[in-house]
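Take a look at the structure set out below.
What follows draws every value from the coordinates through simple rules; no lab data is involved. Note that the structure is a prediction, hence the values are computed from the model and not measured. Positions of Cβ are generated from backbone atoms using ideal geometry, with glycine treated the same way; all protein chains shown enter the neighbour counts.
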Amino acid sequence: MDELRSLVARLRAECPWDRAQTPASMRPYLLEEASEVLDALDAEDPARVREELGDLLFQIVLLARMYEEAGLFGLDEVAAGIAKKMVDRHPHVFGTAEGLPAGVDPGSNEGWERRKARAGRSRIDGVPLGLPALIRAHRVAEKAAGVGFDWPDLGGVLGKVDEERGELAEAITTGDPAKIAHEYGDLLLALANLGRFLGVSGEDALRMANQRFERRFRGVEALAQAAGIEPAAAGLDQLESWWQAVKREEAK
């Protein structure tokens, strides 16, 4: 870490590109590197995970260096802050439990949320606005559920999905784009909650579904090339036939 910090300081002093960066300009790189970590985790490739974690760590050290140069805080303060937060969040481990209602496990999510509420914070504070919408929907609903604002069982959330699908179908008949977008959003929110009940991350599930679609579509393109047919000229029936052939091959 000392070597990395020294390297970043030298880059900020001597490299025109690194010197020109600001916290605002780093946003897309930070998101890109975090996404590449997720891709590496999905691939279950330890060497790639190590490399991508390094790329993400570089972004963190670089951002901390920018704030240190501005005289605001440095990497030491970042580390100290998260260490304190983790101690506060785990009183059952570090012996820092304070008066919670009887029956509330201080190490549970409920215990953590109650401590935040005592500090005057909303239960849904702390969910970043910049999160992908599906992840944020999952996290906000999870926090609201911590005070009992939730469906009692899976049947309730399935009913909500059906209700929102019906309202979207009704909105489509009006032809009103704003109303259609509104109801479509409500349906996506209900589906995010369904994933929460099923123990499935909507973001992860959609990312994996995207990967399956892309892999299979490339398989369709390969079959079209082998047949000497341009995909655009093949027609929907032929494309669907190739799609099913690719799926059958995958199933083997």
- [ ] Identify all residues within region 2-44 that are of a type in the set (Val, Ile, Thr), in a helix (DSSP H, G or I) and closer than 14 Å to Arg65 by Cβ; write none if there are none.
- [x] Val8
Open item on the list: So, Glu142, is that one acidic (Asp, Glu) and touching a residue at least 40 places away in the same chain (Cβ under 8 Å) or not?
Closed with: yes
Open item on the list: Suppose the filter is under 28 Å from Asp125 (Cβ atoms) and among the small types (Gly, Ala, Ser); does Gly202 pass it?
Closed with: yes
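Name the residues in region 117-140 that are in a helix (DSSP H, G or I) and over 18 Å from the mean Cα position of the chain (by Cα), would you?
Going residue by residue through region 117-140, those that are in a helix (DSSP H, G or I) are 117-118, 133-140.
Correct list: Ala117, Arg118.
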- [ ] Keeping to region 45-71, report how many residues are acidic (Asp, Glu), more than 18 Å from the chain's Cα centre (by Cα) and either assigned to a loop (DSSP other than H, G, I, E, B) or crowded, with 17+ Cβ neighbours inside 10 Å (or both).
- [x] 2
Open item on the list: Tally up the residues in region 141-154 that are over 13 Å from Gly195 (Cα atoms) and not in a loop (DSSP other than H, G, I, E, B), please.
Closed with: 3
TODO: Would you tally the residues in region 203-220 being exposed (fewer than 14 other Cβ atoms within 10 Å of the Cβ) and among the aliphatic types (A, V, I, L, M)?
DONE: 2
